[in-house]
Amino acid sequence: MVILGRQRFTVWAAESILRGMDAESAGITKRQLGLLLLVGGLVGFCAILAVDIVDVGREGGIGPAQTVALIAMALAALVGLSLLPLGDAPA
């Protein structure tokens with residue numbers, strides 16, 4: 001049993017909550033996941049580039065760690081973009 005605030009959370013409570021959820025309303029859709037990944041990838045990509053712009057006095061430019069992070073953010077944005085046309089199917 002876990003106590004959250006003043007309310008006790010038991011296995012019985014969890015089972016009753018899960019029984020109340022149906023497959024249609026539970027989870028997120030592929031379109032929502034794609035939008036989340038696309039926006040997150042673009043914001044992350046811009047933030048990593050902004051670090052280089054703000055820290056102008058530093059020598060060396062974009063290093064290997066930043067390059068890996070830029071590639072990861074670009075891939076996340078591309079995966080998100082590919083999920084957008086799949087519609088409202090559960091993710």
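Every number here is computed from the coordinates shown, using simple stated rules; none is lab data. Just so you know, these numbers come straight off a predicted model, no measurement behind them. Neighbour counts run over all protein chains shown; Cβ positions are idealised from the backbone, glycine included.
Distance between the pseudo-spin-label points of Ala50 and Ser82 (7 Å out from Cα toward the beta carbon): 2.8 nm. Over all directions, the projected convex hull of the C-alpha atoms in region 27-86 averages 4.3 nm² in area.
For region 27-86, what does the relative contact order come out to in percent, with C-alpha contacts under 8 Å and a separation of six or more? Could you put the intermediate results ahead of the total?
Numbers: 56 pairs, mean separation 38.9, N = 60.
The normalised contact order for region 27-86 reaches 65 percent.
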